[in-house]
Structures are given as structure tokens and as C-alpha cells.
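The values are calculated or read from the model by the stated rules, or taken from the named source; none is laboratory data. Bear in mind the structure is a predicted one, so any value in this text is a computation, not a measurement. In this analysis, Cβ positions are derived from the backbone assuming ideal geometry, glycine residues included, and neighbour counts consider all displayed protein chains.
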Amino acid sequence: MMAGKLFGTTGVRKVYGTEFDLSMALGLGKALGTYLGEGTVVVARDVRTTGPMIEDALSAGILSTGVNVVKAGMIPTPTLAFITKQRRYNTGLMVTASHNPPEYTGVKFWGPNSMGYTPDMENEIERIYSEKTFQVAKWNNLGEEQSIDNAVEEHIASILERIDSKKIESREYNIIVDPGNGAGSVLTPYLMRRLACKVISINSQPDGYFPGRASEPDEESLTDLIKVVKDTGADLGIAHDGDADRVVFVTERGEVIRGDRTIALLAREELKRSKEKTIVTTVDSSKVLDETVEEAGGNAVRTPVGDIQVAIKMSETGAAFGGEAAGVFIFSEFHHAPEPFLAACKILELMASTGQTFGDLISEIPAYPLRKAKMNCSNSKKGAVMAILTESLPKVMEDTVEVITVDGIGISLKDGWVLVRPSGTEPIIRITCEASTEKQVEKILTEAKAEMERAIGGF
């Protein structure tokens, strides 16, 4: 098994068989039970083929410490986070590798406030796991295991309480849902039907091999969704990743909308009705978000990448709303976990109240040219490569204005910005850059890639 740090950007996420196995899951269960000491953990899983085995191993580890387990079955990650808070469980445990390819598996931890475990909490779990200082219950004091089967229905009911359902129902929208064979299959189509929408689902049979498309929803993987939206004259396309903590929207014209533009659109609405004026996003979001929030009378705060980082900052600042460009939306009024389903409903509610199409609404949010790239870099080399780039990149980039090291290295330029950061879940380093013109953003990307190649090539 792989040595070194277990936890990445969000929870544990590794390749099954070479980096992660059942003994690791058993140990993590023991570590969590020891950390809690008592109480009840709710355990759920996404569609991964390894999910049932890992769920059982985690449960066995937890039960061995005398802590109780409730199994919630195959549900979306946001539903697991919601039910943890709703039913006041001590912790929620999600067996998932989110948007990663099917060979990956992992575990994500959720607190009783429906917020993911903080890095300090994860570090303590990892310490217990490494030292094997596990709490061991006697044969007559083991934890008890139960199961529930109505978490999704509870989640849907709570979402419907927070929106104007009648207004949406009156429009009878045509919606295309693409859960990507993931956990969203068991929720989103049914939620849309509850809103009197006419729903066509594609890739909606849960399948851990992800046969329909790559798990990460983006313009490249959503070609089928784009085609069906355009061919059927649908009002909106909705796509999820494997565990449905992300959502990407497609306009009636078949345009895949970047998450940061959707965050900006929804933030503008949240600021109209909330006393709180802070909106939280990550370092890789477009500057259009800052501009939109400022125009709406709010202020945008940046965090490192990761929904837990957004949630932590939202909790600290009392922010009304937050999200990640990758398609994460967090509503403080509901809970501090990604809430893609409420986000979809909020968009429909906005469409219904204004009478505008999603395409027309989102056109009010400018789209600056943005480019992304990634380069392979082994986990063992990431630290050294990033140290080199922190020194060299600001010097080689033209017109550097400011250097930001909140997460990786971010450089503000006179026209645009570039962010270079190591992935917390894969052996790669990512580059994101944005500028006012296509020519300028290509120039920034070319310069950043060349410098990264030099840094990686040095090893």
C-alpha cells in the first residue's frame, strides 16, 4: 500500500488495489470510531464497484470500537451530508471518489453540522490510523448496525420547502438530466418531476463503470447532453459527477456554462434577499464573480480549492452563499455541504419569476477567456516543483502585479491572472489562466506551461 499522507484536498481518494484496499478501510473505520468514542455514524456510498465492500469494511471497523452504524445505501454525497445534520448523527461517512475515474475509491467525512471534516480533524483521524491506537469494545459492547432507506425522499422534501414550487410547476419546463451513471440518478430526475417538469434522463442507470461518459462533467464529456438539449428544444440541461456533489448546467442553446458564472448569477440573487453580503469562492474562479458580487453590493472572499475550504470560510464569515468553479454551490440557509439540487431549483425559480431563459439570464454574466492545462508530476516531486515555480514563475511572467500563495501560486497580471496548483487527488499539477482576450490568455498559458515543463524536467 501507498505510504505517506492519506488525506488529500477532500477526504481520502486513491486507486483501489494499489493505493487503497479493504484493510485500509477497516483501519479508517477503527480510527473514526476511536476518534468519536461513542455515538452513531451514518455510512453511504456512490456507484463505485468497490463501494459495498468498502462500506462493509468501514462499518466493521466502526462497530468494533463500540460506535453504532446506520447504513443509508447508495445516495448522493450531498444527501449523506444533509441526513447527517437532519438526523443529528455524530458523523457521516461517504464512500466515494467524486469525479475521479472508476478505478479510484475513497472516503469523505462529514460532521454533525453537515460540513466536511476540517484538515485538523482529518489529521487526527490519520494520526490514530497510523499509530493504531484503536478503541476496542468487548464482545458484549460492540456497536449496533441499522439501515435507513428514505434519505433521498427527506432531502427532496427539504429542498422543496425552500423554493417557490408552484411558480416553477406553472411553467412545465422540459429538462434533460445527465447524472453520468452516478448517484444523482436516484434524486435529480425525481426532484424535477416533483416540480412538474417533463424530464428526459440520459446515462441515468447507476453503474460504477461509468459507461455513458467520463465522470467529470465538462464540455468534452457532455456532448450527448448538449445534443439532446438542442434536438428536443429543452429549457435546461443538468449534469452531475459520480457522487453528485457537483452540477453543471447547459443552456437551451446547448452552451455548457462554467461554474463560476453560475455562482455569480446565483450570488447576485442571494445578495438581494440576504442581510449577509459575503460570497465565498476558490482561487481558480473567474474575476467576473468578484465584479458581479461587487456590483450587487457584496464582497467576494477567496479560499484554497476544495468545498471544505469554502464551507469553513463561509462559516467563519457568515457568508450567504459560496461555491467552486468546478460546479459546487453551498447555501448557508440550508447546510454547509455542496447542494447541487437546490442550485438547480434556484435556477428554475429565477427562470420562472423573470420569464427569461437560462441562456438569457446567464448572458448577463460576462465570460472571459479562460484556459486550463495539466501536467503529470508524481506526488513525491510536487513539493519540490512547486518550490521552484514559486520563485521562478513571477519572474518569467510579463507584467506581474501581485503574487498570491493561498493555494499553489497565483499571479495577478496587468491583463489577466494565472494559477498553478498541485492536485490534491491525482499525480498532476494544474494550470488555470484568464485574460480579457483569447490572444492574451493563450500567451499566459504558453509562458506558464513552458516554465512548468522546465521545473518538472529538472527532476
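Of everything in the range 128-161 that's of a type in the set (F, W, Y) and in contact (Cβ under 8 Å) with a residue 40 or more places away in the chain, which residue is surrounded by the most Cβ atoms within 10 Å (Cβ to Cβ)?
By that ranking, first place goes to Y129.
Could you tell me how many of the residues in the range 172-218 are modelled with pLDDT under 95 and farther than 17 Å from P101 by Cα?
Residues meeting the conditions: 0.
Please work out if F334 is closer than 29 Å to M121 by Cα, among the hydrophobic types (A, V, I, L, M, F, W, C), surrounded by fewer than 24 Cβ atoms within 10 Å (Cβ to Cβ) and touching a residue at least 40 places away in the same chain (Cβ under 8 Å).
Numbers: closer than 29 Å to M121 by Cα: yes; among the hydrophobic types (A, V, I, L, M, F, W, C): yes; surrounded by fewer than 24 Cβ atoms within 10 Å (Cβ to Cβ): yes; touching a residue at least 40 places away in the same chain (Cβ under 8 Å): yes.
Considered against the rule, which asks whether it is closer than 29 Å to M121 by Cα, among the hydrophobic types (A, V, I, L, M, F, W, C), surrounded by fewer than 24 Cβ atoms within 10 Å (Cβ to Cβ) and touching a residue at least 40 places away in the same chain (Cβ under 8 Å), F334 comes out as yes.
Which of the residues belonging to the range 194-214 are touching a strand residue (DSSP E or B) at 6+ places or on another chain (Cβ under 9 Å) and in a loop (DSSP other than H, G, I, E, B)?
L195, C197, I202, N203, S204, P206, G212, R213
Tell me whether the range 255-264 contains one or more residues that are among the charged types (D, E, K, R) and over 17 Å from the mean Cα position of the chain (by Cα). Talk me through it step by step, then tell me what you get.
Just the residues of the range 255-264 that are among the charged types (D, E, K, R), to begin with: 255, 258, 260-261.
Okay, now just the ones that are also over 17 Å from the mean Cα position of the chain (by Cα), so 255.
Yes.
So, D243, is that one buried (at least 22 other Cβ atoms within 10 Å of the Cβ), in contact with a Gly (Cβ under 8 Å, 6 or more places away or on another chain) and in a loop (DSSP other than H, G, I, E, B) or not?
Values: buried (at least 22 other Cβ atoms within 10 Å of the Cβ): yes; in contact with a Gly (Cβ under 8 Å, 6 or more places away or on another chain): yes; in a loop (DSSP other than H, G, I, E, B): yes.
For D243, the condition - buried (at least 22 other Cβ atoms within 10 Å of the Cβ), in contact with a Gly (Cβ under 8 Å, 6 or more places away or on another chain) and in a loop (DSSP other than H, G, I, E, B) - is met.
Looking at (1) closer than 30 Å to G458 by Cα; (2) touching a residue at least 60 places away in the same chain (Cβ under 8 Å); (3) out of contact with any Asp or Glu (no Cβ under 8 Å at 6 or more places or on another chain), which is the one condition that is false for P304?
(3)
Residue pairs, Cβ under 9 Å, 6 or more apart or interchain, first in the range 214-232 and assigned by TED's automatic domain parsing to the domain that holds K198 and touching a residue at least 12 places away in the same chain (Cβ under 8 Å), second surrounded by fewer than 18 Cβ atoms within 10 Å (Cβ to Cβ) and of a type in the set (K, R). List them.
Matching pairs, first to second residue: V229/R253; K230/R253.
Has the range 435-442 got any residue that is outside any loop (DSSP other than H, G, I, E, B), among the acidic types (D, E), over 22 Å from the mean Cα position of the chain (by Cα) and at pLDDT 90 or above? Even if it seems obvious, please write down each step before you answer.
Taking the range 435-442 and keeping what is outside any loop (DSSP other than H, G, I, E, B), we get 438-442.
This time we only want the ones that are among the acidic types (D, E), so: 438, 442.
Now restrict to residues that are over 22 Å from the mean Cα position of the chain (by Cα): 438, 442.
Filter once more, keeping what is at pLDDT 90 or above: 438, 442.
Within the range 435-442 (the criterion being outside any loop (DSSP other than H, G, I, E, B), among the acidic types (D, E), over 22 Å from the mean Cα position of the chain (by Cα) and at pLDDT 90 or above), the answer is yes, since at least one residue qualifies.
For the range 1-114, list the strands (runs of 3 or more DSSP E) that sit wholly inside it and hold at least 1 residues that are surrounded by fewer than 22 Cβ atoms within 10 Å (Cβ to Cβ); which are they?
Working: elements: 12-15, 40-45, 68-74, 91-95, 104-110.
The qualifying strands (runs of 3 or more DSSP E) are 12-15, 40-45, 68-74.
Please work out which one of (1) of a type in the set (D, E, K, R); (2) touching a helix residue (DSSP H, G or I) at 6+ places or on another chain (Cβ under 8 Å); (3) closer than 16 Å to V247 by Cβ is the condition E216 fails and give its number.
(2)
Within the range 424-453, track down each residue that is surrounded by fewer than 18 Cβ atoms within 10 Å (Cβ to Cβ) and either among the small types (G, A, S) or not assigned by TED's automatic domain parsing to the domain that holds A384 (or both).
S436, A450
Out of all the residues in the range 379-390, is one or more small (G, A, S) and not in a helix (DSSP H, G or I)?
In the first step, residues of the range 379-390 are kept if they are small (G, A, S); the result is 380, 383-384, 387.
Restricting the remaining residues to those that are not in a helix (DSSP H, G or I) gives none.
No, every residue in the range 379-390 fails to be small (G, A, S) and not in a helix (DSSP H, G or I).
Looking at the range 295-318, is at least one residue under 12 Å from H336 (Cβ atoms), assigned to a strand (DSSP E or B) and not β-branched (V, I, T)?
No, because not a single residue in the range 295-318 is under 12 Å from H336 (Cβ atoms), assigned to a strand (DSSP E or B) and not β-branched (V, I, T).
Pick out the one residue from V401, V385 that is under 30 Å from T105 (Cα atoms), among the aliphatic types (A, V, I, L, M) and not assigned by TED's automatic domain parsing to the domain that holds E216.
Answer to the selection: V385.
Among (1) touching a residue at least 60 places away in the same chain (Cβ under 8 Å); (2) buried (at least 24 other Cβ atoms within 10 Å of the Cβ); (3) of a type outside the set (V, I, T), where does A267 come up short?
(1)
Of the residues in the range 115-132, how many are over 19 Å from the mean Cα position of the chain (by Cα) and assigned to a loop (DSSP other than H, G, I, E, B)?
Matching residues across the range 115-132 total 1.
Return yes or no: is K382 closer than 30 Å to D235 by Cβ, at pLDDT below 95 and charged (D, E, K, R)?
No, not satisfied.
Just name the residue that is farthest from D241 (Cα to Cα) out of those in the range 162-180 that are surrounded by 16 or more Cβ atoms within 10 Å (Cβ to Cβ) and hydroxyl-bearing (S, T, Y).
Selected residue: S165.
Of the numbered conditions (1) closer than 19 Å to E169 by Cα; (2) in contact (Cβ under 8 Å) with a residue 60 or more places away in the chain; (3) not aliphatic (A, V, I, L, M), Q356 satisfies every one except a single condition; which is it?
For Q356, the failing item is (2).
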